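Comments concern the structure below.
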Amino acid sequence: MGIYVVSYVIITFSFVLLANKRFKISGRPLIIDSSYNGKYEGQMKLFIVFSCALLICIVGLRSEYQGIDLHNSLGTGYFYVYDIVCGDTVADIFRYFGVKRYANFEIGFVLFNKLISTLSKEHWILLFATSLISIAPVGYYISVNSQNPWLSFMLYMSFPFFSTAYFSAIRQGIAIGIVVISYEFVKRKKLLPFLLTIALAVTFHKSSIVCIIAYPIYHAKISKRASLIGGLAVLAVIYIARFPLFMVLSRTLRETSEIDSNGAVNFFLLLTMVYALCTVFGNERDRELCGLRNLFWLACASQAFAGLYSTAGRITWYFLPPLLVLIPKLLAEAKIKERQLLKPLSWGVGVMAILLGLYYLRYDSIAKAYPYIPFWLQGGV
């Protein structure tokens, strides 16, 4: 777990250092100006760039055997397809795409493979490229919206998709990054760019089509009372009736209706509790906060089905990123009488996120993130 613990320590130390130094970044050199009393926007952007770069390197320079979907004996491993794509032309890709030559991969991801193969046929370059375009959009989202970038990064690394998607299900990792960009268009009420962004995400993982509902849900005007009582009541109904609802949905979408029971109920309860807290302590007049809360409700609703069908849990991943903005915003604007409690409260939430993130990295059997091995030392794997 060493490299993961070190990454948390480095990110935390860099945040403390930059947040407490009063200098601004101007031009090419770093210009120190002790009289600068702004909001340290330059420092925070530097912190976000540095943190993203660190995570991209850790995830992107790992062994190609860390991630169960990268190699397999079924002919659907990512590197199996990558090796085929390396030898095909773009014309070949469009000619053979319909005959399952590239497993069940979407056309956008296959073409992305072809683009990367023009740089190098080495497997590590594909891992680094997928890491870059998965993590960088989330960093941008944090940079533009978060009131506490450190806490956002701690929450980000605690999400279950950080291990599973980035280490193994890399198509969906990319799709999540693209969907995060679409949330900016939702916030700014730019419908066409939003639709185009979702369309792009679908070319990397078709499950991201569910995110089309994000636009109307974000802008739905729902009172705090309705969100709390009604939202929790609907979640309860969904969970109680999850089996017949799942059967109807799976047949409607022509997906398998096979049940693969698992222990996802604990995560559903955790998300529901967080939703309730966000609703109770959120400012009803803050439209952005209400919109983020609405999006997060979708994560709770989809997770209700995850105990029956693990793929439903992967739908949840698309609606978790709003928490990166929602929780720091909620803490920053909370009406707590003792304002000095806000700082330890924020740090406490961050530490809990660290522990949860380390747990996922250690025990995720799909990600195989532990023990960490860089690609240049993978010969002994």
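The values are calculated or read from the model by the stated rules, or taken from the named source; none is laboratory data. Not measured: the values here are computed from a predicted model. As a convention, Cβ positions derive from the backbone with ideal geometry for all residues, glycine included, and neighbour counts pool all protein chains shown.
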Of all residues in the stretch 360-381, which are aromatic (Phe, Trp, Tyr) and surrounded by 13 or more Cβ atoms within 10 Å (Cβ to Cβ)?
-> 360, 370, 372, 375
Quick check: is even one residue across the stretch 322-338 within 27 Å of residue 9 (Cα to Cα), at pLDDT 95 or above and of a type outside the set (A, V, I, L, M, F, W, C)?
-> yes
Of the conditions (1) in the same structural domain as residue 371 (by TED's automatic domain parsing); (2) at pLDDT 95 or above, the single one that residue 118 does not satisfy is (2)
Within the stretch 239-254, is even one residue assigned to a helix (DSSP H, G or I), in contact with a Ser or Thr (Cβ under 8 Å, 6 or more places away or on another chain), modelled with pLDDT of 90 or more and among the hydrophobic types (A, V, I, L, M, F, W, C)?
-> no
Selection within the stretch 187-211 - more than 19 Å from residue 104 (Cβ to Cβ), buried (at least 23 other Cβ atoms within 10 Å of the Cβ) and touching a residue at least 40 places away in the same chain (Cβ under 8 Å) | 211
Could you list, in sequence order, the residues of the stretch 123-134 that are β-branched (Val, Ile, Thr) and crowded, with 24+ Cβ neighbours inside 10 Å?
-> 130
Out of all the residues in the stretch 271-292, is one or more under 21 Å from the mean Cα position of the chain (by Cα), surrounded by fewer than 22 Cβ atoms within 10 Å (Cβ to Cβ), free of Cβ contacts under 8 Å to residues at least 12 places away in the same chain and outside the structural domain of residue 246 (by TED's automatic domain parsing)?
-> no
Would you check if there is a residue in the stretch 297-304 being closer than 28 Å to residue 60 by Cα, aromatic (Phe, Trp, Tyr), surrounded by 14 or more Cβ atoms within 10 Å (Cβ to Cβ) and at pLDDT 85 or above?
-> no
For the stretch 348-375, pairs from a residue that is of a type in the set (Ser, Thr, Tyr) to a residue that is part of a helix (DSSP H, G or I) and crowded, with 17+ Cβ neighbours inside 10 Å, with Cβ under 6 Å and 6 or more apart or across chains, are 360/160; 360/163
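Residues that are out of contact with any Lys or Arg (no Cβ under 7 Å at 6 or more places or on another chain), within 20 Å of residue 282 (Cα to Cα) and not assigned by TED's automatic domain parsing to the domain that holds residue 145: does the stretch 191-211 have at least one?
Start the filter on the stretch 191-211 by keeping residues that are out of contact with any Lys or Arg (no Cβ under 7 Å at 6 or more places or on another chain), which leaves 191-203, 206, 208-211.
Narrowing the set further to residues that are within 20 Å of residue 282 (Cα to Cα) leaves none.
Scanning the stretch 191-211 turns up no residue that is out of contact with any Lys or Arg (no Cβ under 7 Å at 6 or more places or on another chain), within 20 Å of residue 282 (Cα to Cα) and not assigned by TED's automatic domain parsing to the domain that holds residue 145.
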Considering every residue within the stretch 75-85, establish whether at least one is modelled with pLDDT of 90 or more, of a type in the set (Asp, Glu) and within 29 Å of residue 154 (Cβ to Cβ).
-> no
Out of (1) over 30 Å from residue 292 (Cα atoms); (2) surrounded by 21 or more Cβ atoms within 10 Å (Cβ to Cβ), the odd one out for residue 91 is which?
-> (2)
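Could you tell me whether residue 65 is modelled with pLDDT of 90 or more, aromatic (Phe, Trp, Tyr) and assigned to a loop (DSSP other than H, G, I, E, B)? Before you say what the answer is, go through the steps one by one.
Numbers: modelled with pLDDT of 90 or more: yes; aromatic (Phe, Trp, Tyr): yes; assigned to a loop (DSSP other than H, G, I, E, B): yes.
It is true that residue 65 is modelled with pLDDT of 90 or more, aromatic (Phe, Trp, Tyr) and assigned to a loop (DSSP other than H, G, I, E, B).
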Scan the stretch 222-250 for residues that are without any contact (Cβ under 8 Å) to a residue 40 or more places away in the chain and either not aliphatic (A, V, I, L, M) or not assigned by TED's automatic domain parsing to the domain that holds residue 283 (or both) and jot them down.
-> 225, 230, 244
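Going by the structure shown, is residue 162 within 30 Å of residue 9 (Cα to Cα), of a type in the set (Phe, Trp, Tyr), buried (at least 23 other Cβ atoms within 10 Å of the Cβ) and under 20 Å from the mean Cα position of the chain (by Cα)?
Numbers: within 30 Å of residue 9 (Cα to Cα): yes; of a type in the set (Phe, Trp, Tyr): yes; buried (at least 23 other Cβ atoms within 10 Å of the Cβ): yes; under 20 Å from the mean Cα position of the chain (by Cα): yes.
When the stated conditions are applied, residue 162 passes them.
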Tell me, which residue of the stretch 45-55 that is surrounded by fewer than 20 Cβ atoms within 10 Å (Cβ to Cβ) and touching a residue at least 60 places away in the same chain (Cβ under 8 Å) is farthest from residue 18 (Cα to Cα)?
-> 49
Scan the stretch 204-231 for residues that are in contact with a Phe, Trp or Tyr (Cβ under 8 Å, 6 or more places away or on another chain) and among the hydrophobic types (A, V, I, L, M, F, W, C) and jot them down.
-> 204, 210, 211, 214, 217
Within the stretch 190-199, is even one residue within 28 Å of residue 102 (Cβ to Cβ) and assigned to a loop (DSSP other than H, G, I, E, B)?
-> no
